[in-house]
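*Asks:* Just dropping this structure here.
The values are calculated or read from the model by the stated rules, or taken from the named source; none is laboratory data. No experiment lies behind these values; they were computed from the predicted model shown. Cβ placement follows ideal geometry from the backbone for every residue including glycine, while neighbour counts extend to all protein chains displayed.
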Amino acid sequence: MNSDTSHAAGRSCPLHYRYPASALAVPAEHACEVLYVVGGLYGNEPALAKVLDLFNRETGSKRLVFNGDFNWFDVNEASFQRINQTVLSFPATRGNVETEMGEDASEGGCGCAYPDWVGDEVVHHSNAIMQRLRQTAQRFPGLVTALTKLPMHMRVNVGGRRVGIVHGDAESLSGWGFAQERLRDPGQVAQLQSWFERAQVDVFASSHTCLPIFCTLQYGESEFAPAILNNGAAGMPNFSATDYGLITRIATRPFEGRERVFGIVRKGLFMDGIAVQFDTAQWHRDFLAQWPQGSAAHASYWQRIMQGPAYLPGQVLVSSNV
């Protein structure tokens, strides 16, 4: 690992990002029949418009929660303002991107806490993106204050099931404990079980790691198999040769529409990855206007935006026995 300051900033997890899993063992702030969890919008306005369209199609008791990193590529001032004003009209938690806009910024880093399997070049580019985004954010002190005051986690009940909404994992705003690399590791199961017990939730919903994975834990004869639902990114492709984002839908009834990509059902609770099929041509124009070839974001993300990551829908669903 490169030890220079910029890379250390992108790999470290600031102490103020941390919280105990028991912080989620509180009464629910919201209750609903349909919950949308939108992580990793990354400043994609066409994706935001599509998310709102999907949500408006839902009926009954419903909630939409943005769980962080709704900013990233939105260095255009007008776009930054529109995105954040919209997000702040809904329940939301902050991600490391929103946190790093404030006075507690981690020495110019992105606050991503990248693990060892992420290359130094990615870390360097992310720190540069954060520095550029911070320049835009500084022109909107009121919005930045509101963003940095958002909570790091939230409790919502869906049909009586307890959902813990986080950005990273059960103990850190930028934790990677819910990454697909970790959830496939049998050595992680004991940690996951401990987190569920201390948080007193049935479901964790997260994002941060930028690749989707839905993991269930089978507790012997348990009445409900706890689930970890990571939507990956609402504002970028999540699979090879695709161009749509993903959000997590948790509900007491099935999704009605062609956008469902994958999902699981447990005791009448429907947990699905829903495609965010935004206007890709408009998004490509928006991105290139802000991050042309040669820029940090173009170097790190343009290939994924155009081709998707080397990941397939069949890799999303995993199950572990305890």
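*Asks:* Does segment 136-147 contain at least one residue that is under 30 Å from ARG182 (Cβ atoms) and either assigned to a strand (DSSP E or B) or more than 16 Å from the chain's Cα centre (by Cα) (or both)?
*Replies:* Checked against the condition, which is being under 30 Å from ARG182 (Cβ atoms) and either assigned to a strand (DSSP E or B) or more than 16 Å from the chain's Cα centre (by Cα) (or both), segment 136-147 yields no hits at all.
*Asks:* Can you name every residue in segment 203-221 that is within 21 Å of ALA28 (Cβ to Cβ) and of a type outside the set (Val, Ile, Thr)?
*Replies:* Across segment 203-221, the qualifying residues are PHE204, ALA205, SER206, SER207.
Conditions (1) touching a residue at least 60 places away in the same chain (Cβ under 8 Å); (2) closer than 18 Å to SER207 by Cα; (3) buried (at least 19 other Cβ atoms within 10 Å of the Cβ), marked per residue:
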| residue | (1), (2), (3) |
| --- | --- |
| ASP116 | yes, no, no |
| HIS125 | yes, no, yes |
| THR145 | no, no, no |
| ARG155 | yes, yes, yes |
| VAL158 | yes, no, yes |
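*Asks:* Then there's this: Across segment 138-177, what is the total count of residues that are within 21 Å of CYS112 (Cα to Cα) and not small (Gly, Ala, Ser)?
*Replies:* 18
*Asks:* Let me ask something else. Check PHE73, PHE66, PHE90 and return the single one that is within 23 Å of CYS210 (Cβ to Cβ), surrounded by fewer than 23 Cβ atoms within 10 Å (Cβ to Cβ) and in contact (Cβ under 8 Å) with a residue 12 or more places away in the chain.
*Replies:* PHE90
*Asks:* Would segment 273-280 turn up any residue that is at pLDDT 95 or above and part of a helix (DSSP H, G or I)?
*Replies:* Scanning segment 273-280, I find at least one residue that is at pLDDT 95 or above and part of a helix (DSSP H, G or I), so the answer is yes.
*Asks:* In addition: Consider ARG266 carefully, then state whether it is charged (D, E, K, R), more than 19 Å from the chain's Cα centre (by Cα) and either modelled with pLDDT under 95 or closer than 25 Å to GLY95 by Cβ (or both).
*Replies:* For ARG266, the condition - charged (D, E, K, R), more than 19 Å from the chain's Cα centre (by Cα) and either modelled with pLDDT under 95 or closer than 25 Å to GLY95 by Cβ (or both) - is met.
*Asks:* Answer yes if at least one residue in segment 285-298 is small (Gly, Ala, Ser) and part of a loop (DSSP other than H, G, I, E, B), and no otherwise.
*Replies:* yes
*Asks:* Can I ask one more? Which of the residues spanning segment 275-305 are without any contact (Cβ under 8 Å) to a residue 60 or more places away in the chain and farther than 22 Å from THR248 by Cβ?
*Replies:* Within segment 275-305, ALA281, HIS284, ARG285, LEU288, PRO292, GLN293, GLY294, SER295, HIS298, TRP302, GLN303 qualify.
*Asks:* Would you check if there is a residue in segment 115-133 being under 19 Å from the mean Cα position of the chain (by Cα), assigned to a helix (DSSP H, G or I), under 21 Å from PHE73 (Cβ atoms) and among the hydroxyl-bearing types (Ser, Thr, Tyr)?
*Replies:* Yes, because at least one residue in segment 115-133 is under 19 Å from the mean Cα position of the chain (by Cα), assigned to a helix (DSSP H, G or I), under 21 Å from PHE73 (Cβ atoms) and among the hydroxyl-bearing types (Ser, Thr, Tyr).
*Asks:* Then there's this: For segment 261-296, which residues satisfy the criterion of being more than 21 Å from ALA49 (Cα to Cα) and touching a Ser or Thr at 6+ places or on another chain (Cβ under 9 Å)?
*Replies:* ILE264, ARG266, GLY268, LEU269, PHE270, MET271, ALA296
*Asks:* OK, next. Out of segment 125-165, which residues are β-branched (Val, Ile, Thr) and in contact with a Phe, Trp or Tyr (Cβ under 9 Å, 6 or more places away or on another chain)?
*Replies:* ILE129, THR136, VAL163, ILE165, listed by residue number.
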